[in-house]
Amino acid sequence: MKWIICFLLAFSGSLAADTLAYAPPDFEKDGKTYRFVDFEKAYYSLDVNYSGRSVLVNSQVHFTLAKDGYVIFDSVPNLFDVYLNGKQVEIGDLYLPETYSPARYIQQKLKAGSYVMISKNYINDYVTYEDRRVRMAFWMSDLRDRNFLEQYMPSNFDYDQYQMDFHVSIQETDRPHVLMHNCAAIEETKFSMQLECPSHYNSSSLFFHLFEEGRFVEKLGSYPSIDGRSIPYRVYGETADRLFPRIDGLLKELEGDYGAWPYDSLLVYANTSSGGMEYAAATSTGARALGHELHHAYFARSAHPAGGNAGWVDEALASWRDGGYKVKTSLGPWHETEMASHSPYTRVTDMKAYTQGAQIIAHIDYLVQDVGGLKDFLKHFHAISAYLPFDTESFKLALEQYYEMDFAQLFDTYVYGKRILESEPNLQPMHLPEQKGMHDFTEEELYEIL
Ligand SMILES: [Zn+2]
């Protein structure tokens, strides 16, 4: 299996995934056809101005529209000075069908084709200015709506992978800064950074944390991967001393179960929070969630869910690991969920993934115990899905093909909630979940670790 991983690593930059196949369906509303698009490339230039207390983003997004219609994307901050192929356009708001989830669209019907949209916006979330220094981060969450890159600048939905470049300029302060990130640094000084991110990144991949030089201790290590590479890792933050010694053991555990570490490096922001959050080849985490977040490096940020209805898979898998990979011999009525049957436009993960989801996975492990156990399949699934989006159906099909078994009834009952939906045909859209589980940052906590 090793050669497959090497092949994926070598060619991950050029894998042309048909990510639009994983987009939610285009839809009609008030006589207009709204269409999801393919972002190809985005340049984001950030002017971080200490005296002006502002972060201005200049974006240039290249996208392709497959059929005539109105283009949907998202940006929580209001965009201004928006131009499409050189002509000024207006941006509108709408709610995605059967959700409480707002999004943005270009208020002009477009012909199929390639476009360049430029825009400006300010970032006000998770940025502070004090003592001639700026602290800012793009914290993300899959448990809150619109909490990926769109919280900070125009971005596509999480089904899409696209090349992102960033230029960060720190202005009107003489204090040197450091940017922690998970992209390639083309240029990096104390006041200016230019980054190129891998082309398989999507809206939930980027790790971005800016602060003043000298703030944190930093520990550097290197892990000998099973495929012969040496994986450099960097742990920084208040709890770096505690988390650093655990990295080698955790990487060894994960590589033993799921194959070679799917990245060329690892970055860990070790803080005092009770939970954590995963990014591609990076995590922001306290001690409790470290193993959970590193597990997500394989399932969540390498093989990544294409939308909210697939988000249960990686949380159920990581929670199954957290619970010691226990086997569950039977499932009952309590395990019936509709975790994967929310509106196809849902972008958040159903919290039942951590509880019922983990036990459903434990039961599947029981069903395949005599033919190698579920971890065998998961290693295979990562090898075929690394750096690609997946949905619940593609996960189920891969499982069925691997074991030559039929899981239709199990998924219908416990994951798609067929019986629940039959007895409650007018089930309301999922409300935004309460924060809990492994990724339970409150807003105060996110500012505290800024
Ligand atoms: Zn998780």
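Looking only at residues in the range 96-123 that are at pLDDT below 95 and of a type in the set (Ser, Thr, Tyr), which one is least open to solvent (accessible area, probe 1.4 Å)? Among residues in the range 96-123 that are at pLDDT below 95 and of a type in the set (Ser, Thr, Tyr), the one least open to solvent (accessible area, probe 1.4 Å) is Ser101. Looking at the range 226-333, the strands (runs of 3 or more DSSP E) lying wholly inside it that each contain 3 or more residues that are within 16 Å of the ligand (Cβ to nearest atom) and buried (at least 24 other Cβ atoms within 10 Å of the Cβ) sit at 276-279, 282-285.
The lone criterion from (1) within 16 Å of Tyr269 (Cα to Cα); (2) touching a residue at least 60 places away in the same chain (Cβ under 8 Å); (3) in contact with a Cys (Cβ under 8 Å, 6 or more places away or on another chain) left unmet by Met136 is number (3). Mind checking whether some residue in the range 296-306 is out of contact with any strand residue (DSSP E or B) (no Cβ under 7 Å at 6 or more places or on another chain) and over 16 Å from Ser204 (Cα atoms)? No, the range 296-306 contains no residue that is out of contact with any strand residue (DSSP E or B) (no Cβ under 7 Å at 6 or more places or on another chain) and over 16 Å from Ser204 (Cα atoms).
The values are calculated or read from the model by the stated rules, or taken from the named source; none is laboratory data. On a predicted model such as this, the values are computed, not experimentally measured, just so you know. FYI the Cβ positions are ideal-geometry reconstructions off the backbone, even for glycines, and counts take in every protein chain you see. Protein only, heavy atoms only, side chains kept; ligands, DNA and RNA dropped before computing areas. Shrake-Rupley method; radii C 1.70, N 1.55, O 1.52, S 1.80 Å.
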